[in-house]
Amino acid sequence: MTADDDKLNGLLEKLDEATALLAKARDFAKPGKLPRVLDTARRVMLHPHGCAAMAPRARAIEEAGVFAGSDWASPQILVPALTPHSLGSADANTVVIEALSELRLLAVAHGEYRHPLISAEQAHHYLTQVIAINLTLLFGPATEAERETQGRLAQLPRNLFQYLTERIGYEHVIDQLIEEIWRILEQRPIQVDALKSMITQIATCQADPNIDLGASGQGANRLVSALFSPTRGCQEDPGIAAYRERLGSMDPSALQSEATGFARAMHDTGLVSPYHPVLLRFLLDHRPPADRGPGPVRYRARLPALLPRSGARPDPRLRASTHGAGHLRPGAAAGARHPLSALGGAGAAAPAWPAVVRLVPGATDTGLRRCRLAPGKTAGRRALHAGAAAGRGPGQQPHLPVGPGPVDVGLQRPGLPAADGGLGGAG
Amino acid sequence: MDKDPQKGYIALLGWSLNAVEAAENFDRRYVVVAPDWAEDYCQKHDIPYVSWNFERLNDRSLEIAETLKKMGVNVAVPLYEETVEWAGAINSVLLDNPRLYGQSLLLRDKALMKRRAQLGGIRVGIFEEAHDKGDVIRFLKRVNQTLLKLDGDPNDPIHLKAFDKAGCLGHRVIRTPDEVDSIPDEEFPVLMESHLDGWEFAVEAWIHDGKIAFLNISEYVTLGYSVFVPASPDLEAYRPQITAQIEKLIKAFDIDFGLIHPEYFVTSDGEMYFGEVAYRPPGFKVFELLERVYGFNAYQASMLVFDPKATPEEVATFFPREIEDADGYAGCFGVYPRRRVVSKLEIPEEVEDHPYFESHELTPPLEETVTKRTAFGTHWGLVYFKGPDSHQLRDLLKHQEDLDYYV
């Protein structure tokens, strides 16, 4: 048992005690016992596993009288559209009551709690609407505005929605989710970890035979394939090792088509597949002898970032930190074995921030690193566009690297977003 | 809870929601005697209630005793310092014992109280009444002369306290004659005491039939800031001496029943000095702290020992064993804003993440400018802690003084 679990258990013990005190109290004394319940509940739900631990207690908490005398006491009249306001409130108690209400409805929706005022179907419907309205809470950390008004509290609704969506099921909000992902990707964000984990969730839903998506989920395929199977060579998400092997048996035109496939996926979505750097490495290591002239040397000098073995050595600590493949696929763990399982391997094998290590040796904060890289990347993208435009032949797609084989891909490297994350950051 | 008509009928003097709740869950009939602002609330929640204005003193003051007597009430329990002499007066009628009124006056006036203690052979510091600033300066000089201080030596401070206020209200520390000017004239007369160096602590003792039924020692970490129960083993080591002191006090004040809340200093050579004693529940929510560690309700305990119909057996079974039955240490800290201008309440993260932290009852600030504290002012709210180690709890409470809760 870790210290973290210990802390959660300690808090839960306090919460149960406070709830029992509230339940026992006479009506006139309840207001005096309530703050302790709400405050402890807030601390529980700020814990990463807090909401899961809270859910089985939701019924006891409601029956103790937490909602008594408020609108939340009659769940049948609650309006989903109001939830973003209460969850975004600077008042901790408002946020906590709203969160507790959602958790209680979750228990109702799952039939664990027969509520006298609302049916399981109604509760389920209400929750899907609430999740759809608050989708932004599933994407990434708090915004500046939220941090300013809520501070640490801003994490609470995030924990809640992570849990709610897991329990209610992504399939119920998949269309809104896909729309939101595309909307965000349009802006070519630098931080895409949250988006990638959402896409992973969608892929899990699609692959799960127990989930009937029906007509929904259209438009997700492009997102999923951009991450897991952007080209013919990795169509069925074979895993990094298998893909590398496969590359060895390809002829130049097949490699060209692989490169084109990656580029297209990257430009369509702004996402980079973990297979992409595998191809790049392969191409560098297997240049035709004719190309081993001054060109590539110059290229090497410019881009030690791509060549961790011959250039700058990545910091082993950083490498270790990116090995946690879990961040790529949270939520997938509970599912059955699935083609995506290869992804974990892919993530772990990808280069670990070599460029970053070189640029900001002391920094360990991801945000900082990315910020420091951003200007260079922008410039790089412009260079890529210019280069592509210059080399574009008639009928070819815009923005695609063209020219004789692998070297050109290499030459375009400054613009490739893989320098950002190595694990598929956006360009 | 079902009320037992065979047991006493109790009047609670003063309004305390926690006391009402305790009475509601106790097997004795009760009635709340409180000012008329509590009437609506009591009607709404079905709380037995008699309206009484404790600030009005006139020929009709006997009425309340007669009203309660007619209702069949057996005893009145004071909940606040201001209702102690009312309880004495009412009980002298209800229990037909005129001496109880005199006793309550003794317990209300700090100068009388000290004198009585001194007569009873209890050690007290030097004290005197002051009627104006001149008295204070004279006392300060005399005390320091007695201590054989030379000119230029820093003075030993003296303490000024209102005669009849609870706890730290109106408590000032004076070190130099200049500081005397800061005392407003309307605060006089006051009680002046020499400063006692030592460890200050308080006791809550429930007395039934002239004997101690339960004795708790509350350890002050910093006076006016923090307290925890039960006391650390270092202080509990003095329990036999403390018990002997309380027995002296019971004898000196002729106390037969009720809850007393005296304060003592223990000096480094183990000598006990009496500070003061109150005949009411202690401040700083010590009752709540006791309930957290011992599980018994201290308000019910008071009602029990006041009740003339309570039997010794009932009293014996009600109370837990001292120290042994406590499941940890519970303490609280009174928060004062440290800055002159504050905009919001922010519980420090280190507090919130501490395993001992339980809850708080702080509210967001109502105004931005913090009024300067004169004397030992009133805190803005309490923060509660509980944990298994008394030393860790003590250090934690001490550390709170360096933290900003209001920023």
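The values are calculated or read from the model by the stated rules, or taken from the named source; none is laboratory data. As the structure is a computational prediction, the values presented were derived from the model and not from experiment. For neighbour counting, all protein chains shown are included, and Cβ atoms are generated from backbone atoms with ideal geometry for every residue, glycine included. For the accessible areas, the whole protein counts, side chains as well, though only heavy atoms, and no ligand, DNA or RNA atoms are used. Shrake-Rupley method; radii C 1.70, N 1.55, O 1.52, S 1.80 Å.
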Checklist outcome for this item: Accessible-area order for B:His208, B:His379, largest to smallest, probe 1.4 angstrom, reads B:His379, B:His208
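So how do A:Arg244, B:Arg142, A:Arg36 rank on accessible area, 1.4 Å probe, biggest first, that is with the largest at the start? If you can, show how the numbers build up before the last one.
Details: A:Arg244 115, B:Arg142 150, A:Arg36 35 Å².
Largest accessible area first, the residues go B:Arg142, A:Arg244, A:Arg36.
Take every residue in peptide B:236-243, count the Cβ atoms of other chains within 10 Å of its Cβ, and give the average of those counts.
Details: counts 0, 0, 0, 0, 0, 0, 0, 0.
So the per-residue partner count for this stretch is 0.
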Checklist outcome for this item: Site B:Ile126, offset 7 angstrom along Cα→Cβ, radius 19 Å on amide nitrogen, limited to region B:172-206, gives B:172-180, B:190-198
Checklist entry - Restricting attention to the alpha-carbon atoms of region A:34-172, what are Rg (one decimal) and Dmax (integer), both in Å? => result 13.7, 41
Checklist entry - Any idea what diffusion coefficient region B:55-209 gets from Stokes-Einstein, in µm²/s, Kirkwood Rh on alpha carbon pairs, 37 °C, 0.692 mPa s? => result 182 µm²/s
Checklist outcome for this item: A:Glu186 and A:Ser70 label points (each 7 Å along its Cα→Cβ direction) are spaced in nm at 3.6 nm
Item to check | Percentage, to the nearest whole number, of Cα pairs in region B:285-365 over 18 Å apart | outcome: 58 percent
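Please compute the net charge surrounding A:Ala29, taking Lys and Arg as +1 and Asp and Glu as -1 over other residues with Cβ under 10 Å from its Cβ.
Numbers: positive: A:Lys24, A:Arg26, A:Lys30, A:Lys33; negative: A:Asp27, B:Glu21, B:Glu24.
Neighbourhood net charge equals +1.
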Checklist entry - Straight-line reach from B:Lys3: which aspartates and glutamates have Cα under 13 Å away, leaving out those fewer than 8 places along the same chain? => result B:Glu24, B:Asp27
Next on the checklist: How large is log10 of I(q)/I(0) for region B:3-110 at q = 0.16, 0.17, 0.19, 0.24 Å⁻¹ when the intensity is taken from the Debye formula with one equal scatterer per alpha-carbon?
Outcome noted: -0.69, -0.78, -0.98, -1.46
Next on the checklist: With equal scatterers on the alpha carbons only and no solvent term, can you work out the Debye log10 of I(q)/I(0) for region B:152-266 at 0.12, 0.17, 0.19, 0.21 1/Å?
Outcome noted: -0.55, -0.96, -1.09, -1.20
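In the structure displayed, which of B:Lys211/B:Lys285; A:Lys7/B:Lys285; A:Lys24/B:Lys398 lie more than 29 Å apart, Cα to Cα?
Numbers: B:Lys211/B:Lys285 25 Å; A:Lys7/B:Lys285 27 Å; A:Lys24/B:Lys398 34 Å.
From B:Lys211/B:Lys285; A:Lys7/B:Lys285; A:Lys24/B:Lys398, over 29 Å: A:Lys24/B:Lys398.
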Item to check | Average projected area [Cα convex hull, region A:145-224], square nanometres | outcome: 6.0 nm²
Checklist entry - Where does the Debye-calculated log10 I(q)/I(0) of region A:41-98 sit at q = 0.14, 0.16, 0.25, 0.26 Å⁻¹, using only Cα point scatterers of equal weight, no solvent? => result -0.41, -0.55, -1.24, -1.28
Item to check | Spin-label pair A:Leu82/A:Gln176, simplified geometry with 7 Å Cα→Cβ offset, distance in nm | outcome: 1.8 nm
Checklist entry - Each label point is 7 Å from the Cα along the Cα-to-Cβ direction; what then is the distance between the points at B:Lys3 and A:Ala3, in nm? => result 5.4 nm
Item to check | Semi-axis lengths, Å, chain B, gyration tensor of Cα atoms, sqrt of 5 times eigenvalues | outcome: 33, 27, 23
Checklist entry - Using a cut-off of 16 Å between alpha-carbon atoms, which lysines can reach B:Lys141, once sequence neighbours fewer than 8 places away in the same chain are excluded? => result B:Lys133, B:Lys149
Checklist entry - For region B:264-322, taking Cα atoms only, what is the radius of gyration to one decimal and the Dmax to the nearest whole Å? => result 14.6, 43
Checklist entry - Roughly speaking, what is the stretch gain from B:Thr317 to B:Asp151, that is 0.36 nm per residue apart minus the C-alpha to C-alpha distance, in nm to one decimal? => result 53.8 nm
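Calculate how large, on average over all directions, the projected area of the Cα convex hull of region B:252-407 is; give the answer in nm² to one decimal. All intermediate terms of the calculation are to be shown ahead of the outcome.
Details: hull surface 48.6 nm².
So the mean shadow area of the Cα hull is 12.1 nm².
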Item to check | Inter-chain shielding of B:14-22 (mean C-beta neighbours from other protein chains, 10 Å cut-off) | outcome: 2
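Assuming a viscosity of 1.567 mPa s and a temperature of 4 °C, what translational diffusion coefficient in µm² per second does Stokes-Einstein assign to region B:344-407, Rh being the Kirkwood radius over Cα pairs?
Reported coefficient: 99 µm²/s.
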Checklist entry - Given the convex hull over the Cα atoms of region A:117-273, what projected area results after averaging over all orientations, in nm²? => result 11.8 nm²
